[in-house]
Amino acid sequence: MKENLLNDASYCLGCIKKPCRNGCPLNNDIPSFIKKIKDSQYQESFNILSETTVLPSICGRICSHSTQCQGHCIRGIKSKPVNIGKLESTIGDISLKEDYPLPLLSNKKKNNKIAIIGSGPSSLTCAAFLARHQYQVTIYEKYNTLGGLLVHGIPSFRLDKEIVFKNISKILSLGIKVKYNQELGKNLLISDLEKKYDAIYLGIGGNISNNMNIPGEHLKGVYSANKLLETNNHPDYKDKYIIINGGGNVAMDISRTIKRLGAKEVTIVYRRSKNEMPVSQEELIAAEKEGIKFIYQTNIIKVIGDSNVEGIECLKTNLVKEKNNPRLVPIDIENSNHIIKCNYLIKAIGSHPDENILNTLDLTINNSYLQVNEYNQTSKPYIFAGGDLIGTKKTVANASRSGRDAAYNIIKYLEEKEITKTITK
Ligand code: SF4
């Protein structure tokens, strides 16, 4: 593990301006942690990463490096960028194997109690940074395992669950308490938590698939990609033709999962072209290699069938440039109607928080997301929120950054009482 690490680390130029750092949503000090690898100081390297992240084994594996840190690496201009993801995940893995502790960030034990609701990347990061500042932290989780979408979302072929659980154990060893099988709005009420805790962090994500709003969407055989990935409760795919509607990481994850579960043919239908796909290049290439088919510039306008899905009706699209829109916009081509036969249609066109839960919170909602101010603070000053619940860009690193920012804002609120309520209900 350590031998290859040195070769990869030696390739880094140690740029003074650190453009790679600017490309990282967590703002990891990449040149400094790589410098410690060059000096064979692995624990020091881990400690530098720990200043900004508590998920190095995870982000190092699944981040979209080509558009984030590695996409900004100076080496990448003329040649290959430094393999930052691999270096980060290897240091994370060494820290798990050799049991390096997450360094504490305060010498003083605090009495304030904070409840963290949810245990995905934003919640775990928020909990870890608060615990490292020696606050009393309790995580409430609806399932009997922690991890949120790291466990109930990203498939095992993309993220090894053993690594996730080891990373979570390291975070829990900071003294964080956990209460399992606690579902917000059901057997867990915010009104009860308000009485027991000085601050609350809501990080329950947003895993309800967006609707396509087309005729036939109600037919049997139309499924939500997010739900299938979360519950792992799949229909029988044997000898079936499956269409996935979408072009992001969820579309790739569900397509590869379904292919592995024995589907005859899995096809992704996307309204724009390959170049406009929001999915990371790494994931697109992996899906292509596994035999997933792609149909670009095609808009699904109707699901066909009596009670079960029998096919989809589509229109071809032209892509046009629009003022003030960085993305090309798909415009349907008249009379280009055609039908593609399939047995199931899977929706993977984005997701949002569960409105049924949001409505139990008595907090301000804006456009299906929980509204927060610049301090991650909701319409109640002691309740903070982050990650997908507030509409953060849907990547693990961005969710984690949101959780870290919230932790520092909670500390500010508890220690200085300097944050006051700035949004109204
Ligand atoms: S930009 Fe690339 S070469 Fe420069 S410090 Fe960052 S990782 Fe190293």
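The values are calculated or read from the model by the stated rules, or taken from the named source; none is laboratory data. Since the structure is predicted, the reported quantities are computational estimates derived from the model, not experimental observations. For neighbour counting, all protein chains shown are included, and Cβ atoms are generated from backbone atoms with ideal geometry for every residue, glycine included. In case anyone asks, the SASA skips ligands and DNA or RNA and just uses the protein heavy atoms, side chains included. Shrake-Rupley method; radii C 1.70, N 1.55, O 1.52, S 1.80 Å.
Looking across Lys179, Lys240, one residue alone is among the charged types (D, E, K, R) and outside the structural domain of Leu361 (by TED's automatic domain parsing). It is Lys240. Residue under question is Ala251, and the condition is that it be under 17 Å from the mean Cα position of the chain (by Cα) and aliphatic (A, V, I, L, M); does it hold? Taking the combined requirement at face value, the residue satisfies it. May I ask you to list the residues in the range 346-397 that are surrounded by fewer than 21 Cβ atoms within 10 Å (Cβ to Cβ), among the basic types (Lys, Arg) and under 20 Å from the mean Cα position of the chain (by Cα)? The answer is Lys393, Lys394.
For (1) touching a helix residue (DSSP H, G or I) at 6+ places or on another chain (Cβ under 8 Å); (2) assigned by TED's automatic domain parsing to the domain that holds Gly247; (3) within 23 Å of Val250 (Cβ to Cβ), each residue gets a yes or a no:
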| position | (1), (2), (3) |
| --- | --- |
| Glu283 | yes, yes, yes |
| Gly291 | yes, yes, yes |
| Ile295 | no, yes, yes |
| Lys316 | no, yes, no |
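In the set (1) polar (S, T, N, Q); (2) within 16 Å of the ligand (Cβ to nearest atom); (3) modelled with pLDDT under 95, Thr90 fails one condition alone, (3). Spot the failing condition for Gln134; the list is (1) in a loop (DSSP other than H, G, I, E, B); (2) surrounded by fewer than 18 Cβ atoms within 10 Å (Cβ to Cβ); (3) touching a residue at least 12 places away in the same chain (Cβ under 8 Å), and only one is missed. For Gln134, the exception is condition (2).
When the range 237-276 is limited to residues that are of a type in the set (A, V, I, L, M, F, W, C) and open to solvent by 20 Å² or more (accessible area, probe 1.4 Å), the one that is modelled with the highest pLDDT turns out to be Leu261. Please enumerate the residues belonging to the range 195-253 that are of a type in the set (Gly, Ala, Ser) and touching a strand residue (DSSP E or B) at 6+ places or on another chain (Cβ under 6 Å). Matches in the range 195-253: Ala199, Gly206, Ser209, Gly216, Gly221, Ser224, Ala225, Ala251. For the range 185-218, taking the residues that are at pLDDT 95 or above and in a strand (DSSP E or B), the one that is farthest from Lys113 (Cα to Cα) is identified as Leu188. In the range 173-198, the residues that are touching a residue at least 24 places away in the same chain (Cβ under 8 Å) form Cβ pairs under 9 Å with partners that are open to solvent by less than 80 Å² (accessible area, probe 1.4 Å) and basic (Lys, Arg), at six or more places apart or across chains, as follows: Leu174/Arg132; Ile190/Lys380; Glu194/Lys380.
For a quick check of your reading: which helices (runs of 4 or more DSSP H) sit entirely within the range 36-104 and have at least 3 residues that are open to solvent by less than 20 Å² (accessible area, probe 1.4 Å) and touching a residue at least 12 places away in the same chain (Cβ under 8 Å)? Spell out the reasoning first.
Working: elements: 42-50, 56-62, 75-78, 84-97.
Ranges flagged: 42-50, 56-62, 84-97.
Contact map, the range 324-340: residues that are more than 18 Å from Tyr296 (Cβ to Cβ) and in the same structural domain as Ile304 (by TED's automatic domain parsing) paired with residues that are of a type outside the set (S, T, N, Q) and open to solvent by less than 60 Å² (accessible area, probe 1.4 Å), Cβ distance under 9 Å, separation 6+ or inter-chain. Pairs shown: Glu334/Leu315; Asn335/Leu315.
Reported count of residues in the range 6-35, each being open to solvent by less than 20 Å² (accessible area, probe 1.4 Å), away from the ligand (no atom under 14 Å from the Cβ) and outside any loop (DSSP other than H, G, I, E, B), is 0.
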